[in-house]
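Following: one structure in structure tokens, then a few remarks.
The values are calculated or read from the model by the stated rules, or taken from the named source; none is laboratory data. Model, not experiment: these values are computed from the prediction. Glycine gets a Cβ as well: all are built from the backbone with ideal geometry, and neighbour counts include every protein chain shown. In case anyone asks, the SASA skips ligands and DNA or RNA and just uses the protein heavy atoms, side chains included. Shrake-Rupley method; radii C 1.70, N 1.55, O 1.52, S 1.80 Å.
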Amino acid sequence: MPLVPGMDRIAYGGDYNPEQWPEEVWSADVALMREAGVNLVSLGIFAWAMLEPAPGEYEFGWLDRSLELLHDAGIAVDLATPTAAPPPWFLHRHPDAAPITREGTRLGGGARQSFCPSSPAYAAASAGITEQLARRYAGHPAVVLWHAHNEYGGANPFCYCPTSAAAFRNWLRDRYGDLGKLNDAWGTTFWSQRFGDWAEVEPPIVAPTTVNPAQELDFFRFSSDAHLANFRRERDILHRLAPGIPVTTNFMLANCKNIDYWKWGTEVDVVANDHYLQAERADNHIELAMCADLTRSVAHGRSWLLMEHSTNAVNWQPRNLTKAPGELGRNSMQHLARGADGILFFQWRASRFGAEKFHSAMLPHGGTGTRTWREVVALGAALGELAELRDSRITAEVALLWDWESWWGLELPWRPSQELSFRERQEAFYEPLWRAHRTVDFAHPEGALEAYPLVVAPSSYLLSPGAADNLRRYVAGGGTLLVSYFSGIVDGHDAVHPGGYPGALRDLLGLGVEEFEPLADGRSVRLDDGRTADTWAERLELHGATALASYADGPAAGLPAITRHAYGKGQAFYASTRLTSEGTAALLDSVSEAAGLPLAPDLPPSLEVVERHSDTGAYLIAINHGSSEVVVPGDGVELLTGDVVADGLPVPAGSFRVLRRGDQTLPRSS
Ligand code: GAL
């Protein structure tokens, strides 16, 4: 099934904000879109004030005309509900709907997402404009997709106003039923926090010292759910009034800590994501790949849409570095390789005014004489050759456990070390797997794992009893699990699992952790196999596991550092310290071998290769991030050039190629 009904090509385009331009510009826009191969634009994302200039007064004429122009040119529309940017009249009429920060500051307008996610006034106003749009454009032939809101929780992830406090209490009542259960779950006997009345329960506002961590965790959950309720309201209106048109919203996967996207993946009809490079990172293309793999995983393996990325520099980083020539194309192909069936940008035409005028666009201020424009046109032409890749699937060999709740818990205050970082652990394992050309899925700790020969738990600090059972079942059934330090420590209320660390995983790992040994800043330790590590060590006691390497010095000198435990038909490895990236790569190599994974393809690490398969074909997408040509083994037809490839696919430096394979799999080194 195509990602978007009726779209018979890879989607290509971006956010289109015609309301920022006089109508004379619109026909030039459409002509240039055709030149660039654009076939889908996201329209009206921030146009609420132009659509409803006063409450209940609507002006749809300009949108009608824009839609018509686009449709006449064969450009499909992802029509937005403009609810991420309430007009000035909204806050003026509903001052109580302004978000309030943890510190108690009331946030003003003049920006976007200035609303309390739990505000009834916002719910009514956003439902109102959504209904109007749904009724008016339900049958419009240009509209193939709905874009609800924009990046839920991007600018207003949390609100601590009295309305939010009341909504939080209601959410807690639904979750716990009675106050006694809440008191137990939050451990309120600690520091005299016991509640006698629901009215005493507050969001975790700034307090003289650290707030109850279980309260913090529930506030994260509540806040993510508050945004989800806003999405569901709009989606349900759109489904009801405009049936048959799928509804999406743009996620901010990987970089957004505040939204639990596992819960959202099944709520949208199409998973869509926004990704922006961390421009100053040398390995930012690896971070991009990780984010794309996470998006596919949240989509449960289905194709997804890259709703936004940038053609060139953004405007909101400390230094907004430009992309190198060819980087725009490579970035786009990385997303496509990892499951995107559409490549869109923020935005079509660079704004002349407003906060984002220095953000790049498909059509820069400099117009069509720019290298960005030339690359945009070239990418459009390339994507035009790749329609047959749509809806093909990717098979991963390894799953990394990713859990937003664990991320929240791990990084709350007063942990054994401030160096404990969720993203750092994920990337520490993802990066060597990427360099070894292993395709990775991300999985929820309670999700299905049987398909993966190898599962890695980068730092599963918070692990529910159900998740621990899931891991036990997976290993007992023959799986191989690699667990990084400080995993399985607490349950969903941030309460330590009983029986000593790591309570949830002791039997599975065949060990206990007597003490954590966070290392002082700049301090490293050596292992007896010559590897070095830093940040963290542990004093392990083995109860069935065997030591693969021990600490040669440091606070745990002489004790095991890396272990293996046979469990049922499988095995569980444990790494109690933060190895260097070379050390982590070597560990992953040996664990992959133990898991029975075929050897990684013998290709340079700077070459990215991903295979996509469908009933009709097998494809290899090769992206060369290096500075010399690489020849990838294989035969078939190169789709961009039409060349028949008999003895290897040459991929020029900095470029990409897409092979419809004759032979069905990539040969592995022996
Ligand atoms: C995104 C947002 C866009 C635009 C873009 C700039 O987060 O959805 O509207 O602001 O950032 O990089």
Got at least one residue in region 85-102 being away from the ligand (no atom under 16 Å from the Cβ), open to solvent by less than 50 Å² (accessible area, probe 1.4 Å) and of a type in the set (Asp, Glu)? no
Here the residues within region 136-165 that are closer than 16 Å to residue 100 by Cβ, surrounded by 15 or more Cβ atoms within 10 Å (Cβ to Cβ) and more than 16 Å from the ligand (Cβ to nearest atom) are 158, 159, 160, 161, 163, 164, 165
Hey, among 626, 617, which residue is open to solvent by less than 40 Å² (accessible area, probe 1.4 Å) and modelled with pLDDT of 95 or more? 626
Being in a loop (DSSP other than H, G, I, E, B) and open to solvent by 10 Å² or more (accessible area, probe 1.4 Å) is the filter; apply it to region 234-255 and report the residue that is nearest to the ligand (Cβ to nearest atom). 252
Among 220, 231, which is the only one that is aromatic (Phe, Trp, Tyr) and open to solvent by 10 Å² or more (accessible area, probe 1.4 Å)? 220
Hey, does region 581-604 have a residue that's farther than 26 Å from residue 511 by Cα, among the charged types (D, E, K, R) and not in a loop (DSSP other than H, G, I, E, B)? no
Restricting the search to region 433-459, which residues are open to solvent by 10 Å² or more (accessible area, probe 1.4 Å) and of a type in the set (Ser, Thr, Tyr)? 439, 452
Filtered residue count, region 3-45, keeping only those that are open to solvent by 50 Å² or more (accessible area, probe 1.4 Å) and under 27 Å from residue 243 (Cβ atoms): 4
Among the residues of region 540-560, is any touching a Phe, Trp or Tyr at 6+ places or on another chain (Cβ under 8 Å) and among the charged types (D, E, K, R)? no
Which of the residues spanning region 315-337 are within 16 Å of the ligand (Cβ to nearest atom), open to solvent by less than 10 Å² (accessible area, probe 1.4 Å) and either under 28 Å from residue 262 (Cα atoms) or part of a strand (DSSP E or B) (or both)? 331, 332, 335
List the residue pairs whose Cβ atoms are under 7 Å apart, where the first residue sits in region 350-367 and is over 22 Å from residue 332 (Cβ atoms) and at pLDDT 95 or above, the second is within 16 Å of the ligand (Cβ to nearest atom) and among the hydroxyl-bearing types (Ser, Thr, Tyr), and the two are 6 or more positions apart or on different chains. 357/351
Taking region 503-536 and keeping residues open to solvent by less than 20 Å² (accessible area, probe 1.4 Å) and over 14 Å from residue 580 (Cβ atoms) leaves 504, 505, 508, 509, 510, 511, 512, 513
Scan of region 271-294 for residues that are in contact (Cβ under 8 Å) with a residue 40 or more places away in the chain, more than 15 Å from the ligand (Cβ to nearest atom) and in contact with a helix residue (DSSP H, G or I) (Cβ under 9 Å, 6 or more places away or on another chain), ordered by number: 283, 285, 286, 287, 289, 290, 292, 293, 294
Identify, from the list 473, 435, the residue that is over 22 Å from the mean Cα position of the chain (by Cα) and over 29 Å from residue 415 (Cα atoms). 473
Can you confirm whether region 372-388 contains a residue that is more than 20 Å from residue 471 (Cβ to Cβ), aliphatic (A, V, I, L, M), open to solvent by 50 Å² or more (accessible area, probe 1.4 Å) and not in a loop (DSSP other than H, G, I, E, B)? yes
Members of region 256-270 that are within 16 Å of the ligand (Cβ to nearest atom) and either without any contact (Cβ under 8 Å) to a residue 12 or more places away in the chain or assigned to a strand (DSSP E or B) (or both): none
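Condition check: more than 24 Å from residue 272 (Cα to Cα), open to solvent by 10 Å² or more (accessible area, probe 1.4 Å), within 16 Å of the ligand (Cβ to nearest atom) and at pLDDT 95 or above. Does residue 110 satisfy that?
Against the criterion (more than 24 Å from residue 272 (Cα to Cα), open to solvent by 10 Å² or more (accessible area, probe 1.4 Å), within 16 Å of the ligand (Cβ to nearest atom) and at pLDDT 95 or above), residue 110 qualifies.
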For residue 348, which of the numbered conditions (1) in contact with a Ser or Thr (Cβ under 8 Å, 6 or more places away or on another chain); (2) open to solvent by less than 10 Å² (accessible area, probe 1.4 Å); (3) of a type in the set (A, V, I, L, M, F, W, C); (4) within 16 Å of the ligand (Cβ to nearest atom) fails to hold? (1)
Kindly establish whether residue 424 is in a loop (DSSP other than H, G, I, E, B), open to solvent by 20 Å² or more (accessible area, probe 1.4 Å) and farther than 19 Å from residue 623 by Cβ. no
Scan region 10-27 and give yes if some residue there is under 32 Å from the mean Cα position of the chain (by Cα), closer than 21 Å to residue 116 by Cα and within 16 Å of the ligand (Cβ to nearest atom), otherwise no. no
Please state which one of 276, 261 is open to solvent by less than 10 Å² (accessible area, probe 1.4 Å) and of a type in the set (Ser, Thr, Tyr). 261
